[in-house]
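Have a look at the structure below, then the notes.
What follows is calculated from the coordinates using simple rules that are stated; it is not laboratory data. These numbers come from a predicted model, not from an experiment. Every residue, glycine as well, gets a Cβ built from its backbone with ideal geometry; the counts of neighbours run over all protein chains shown.
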Amino acid sequence: MPPEVPVEDSEPGEIPGLTRPRAQTALVGQEAAERAFREAIGAGRLHHAWLIGGPRGIGKATLAYRVARHLLAHGAGRGVPETLAVPASHPVARQVATLAHPNLVVLRRQRAPGAKTVPTQITVEAARRALHLFAETAADAGYRICVVDCAEELNLASANALLKLIEEPPPRSLFLIVSHAPGRLLPTIRSRCRRLALRPLGDEAVVRVLQGLGEPFSAHPPEVLARAAALSEGSVSRALGLLDPATLALVDEVEALLTVPDWRRVLALAERLNSRDADALYETTLDTVQRHLAAEIGRRLAEPPARLAALADASERIARAAREAAIYNLDRRPVILSLFEEVAAAR
């Protein structure tokens with residue numbers, strides 16, 4: 001039997017009070033992606049490795065666990081299923097929710113026993129422990145399934161450990177690889193996977209998901225849910241962050257300063273966002289500026305290419321400055337000032 005996978009009290013990137021993807025039985029707005037799996041299952045041509053790509057917060061991990069639950073509960077080869085849904089009360093659904101199913105393993109960042117922090121990458125030791133499942137005979141001769149969440153957190157050694165298995169997969173094995181940026185993965189991994197690109201959700205779908213999450217998320221007024229969805233770019237996780245009144249107030253402030261710069265207010269904002277407890281607001285500011293530039297490009301498509309190129313170049317310089325500040329742990333204040341300077345110069 002594979003080593004038991006412990007259930008952590010907390011996981012990287014999770015939002016307190018939010019149902020984890022492995023326990024979420026509803027999937028909204030990704031019907032085409034689910035249909036691709038249903039048709040492959042029904043045709044008996046389920047590829048052994050799927051690369052499920054797309055932006056954060058649009059349902060990639062939820063889809064992966066949905067596929068895993070269906071196959072662990074019902075298997076394959078009985079025609080095209082009408083749905084991949086498995087009721088939360090089903091024994092397999094409960095096993096998947098607690099990572100207790102003997103034929104399922106999740107490859108993710110985990111806190112080692114006795115460690116105080118979660119590693120920044122999926123280590124090769126963690127990969128070898130998880131992938132040990134495929135060296136054993138599957139319980140009840142069913143599928144053995146590995147969910148990788150997410151592939152960008154693999155280091156070179158753990159990525160190669162995964163690659164070795166998907167190059168020569170054991171019978172009835174399935175790898176569901178969640179990726180926020182598939183282009184960054186090893187070409188050898190990408191080439192052995194069937195790629196499935198999930199699209200950002202529409203505003204109405206984001207609102208439906210928020211309403212379905214229950215309190216405290218659904219307790220916000222409809223206009224707040226709608227505003228968060230409109231600003232989320234199709235990402236539920238981003239919309240959840242935007243439900244915070246302080247975050248929405250910051251978005252309004254940044255948008256106003258981008259339209260009519262007030263340098264004293266910009267300096268005050270830079271000072272406020274330089275604090276280490278302002279990480280989320282800092283990221284919101286970067287997102288707001290990039291969204292503003294993208295909207296400007298869309299609004300001015302009829303203008304000469306050189307004018308549009310100035311906006312695109314400004315967007316790239318802003319992104320580069322933010323990356324460098326993060327990598328080298330630089331003072332954020334010059335980054336914030338440069339955001340508004342770049343936007344003003346590109347007009």
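Here is how the numbers come out for the structure above:
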| item | result |
| --- | --- |
| Long-range amide H partners of R194 with built H, under 5 Å | A49, W50, L51 |
| Added length on full extension, which subtracts the Cα-Cα distance from 0.36 nm per residue, N329 to A294 | 9.9 nm |
| Rounded tilt (10° steps) of 245-259 against the dominant C-alpha axis of the chain | 50 degrees |
| Shape call, segment 222-262: gyration tensor on alpha carbons, a/c limit 1.5 | prolate |
| Segment 135-291: C-alpha gyration tensor shape, a/c 1.5 cut-off, then a/b vs b/c | prolate |
| Efficiency of FRET from Cβ geometry, A249 and R78, R₀ 56 Å, rounded to 0.05 | 0.60 |
| GluC sites (Glu not before Pro) within segment 80-141: DSSP coil, no more than 14 neighbouring Cβ in 10 Å | E82, E136 |
| Order of Y143, Y328 - criterion: other Cβ atoms within 10 Å of each residue's Cβ, fewest first | Y328, Y143 |
| Neighbour-count ranking [beta-carbon atoms within 10 angstrom, fewest first] of E168, E271, E255 | E168, E271, E255 |
| Helix-only CD estimate at 222 nm, as mean residue ellipticity for the chain, using -39500 (n - 2.57) per DSSP H run (n ≥ 4) | -15500 deg cm²/dmol |
| Residue with peak Gaussian network fluctuation, the chain [Cα springs, cutoff 10 Å], from P305, P187, P261 | P305 |
| Residue with peak Gaussian network fluctuation, the chain [Cα springs, cutoff 10 Å], from G114, G77, G234 | G114 |
| For L107, residues with placed amide H under 5 Å, excluding near neighbours | V147, V148, D149 |
| In degrees, nearest ten, helix 263-273 long axis to first principal axis of the chain (Cα) | 30 degrees |
| Top of R78, R109, R194 by mean-square fluctuation, Gaussian network on the chain, Cα under 10 Å | R78 |
| Degrees separating the helix 156-167 axis from the principal Cα axis of the chain, which is the longest one | 40 degrees |
| In Hz, Karplus ³J(HN,Hα) per residue of segment 186-196 (6.51, -1.76, 1.60; θ = phi - 60°; x = Gly, Pro) | 4, x, 5, 6, 4, 5, 9, 10, 7, 8, 10 |
| Shape of segment 21-197, Cα gyration tensor, a/c cut at 1.5 | rounded |
| Note, ³J(HN,Hα) from phi for segment 85-95, Karplus 6.51, -1.76, 1.60, rounded to Hz, x at Gly and Pro | 5, 10, x, 4, 7, 5, x, 5, 4, 5, 5 |
| Rg [Å, one decimal], Dmax [Å, integer] - segment 244-346, C-alpha atoms | 13.5, 42 |
| Neighbour-count ranking [beta-carbon atoms within 10 angstrom, fewest first] of L162, L248 | L248, L162 |
| Size of charge dipole - the chain - debye, nearest 20, with Cβ of Lys, Arg +1 and Asp, Glu -1, no other charges | 1000 debye |
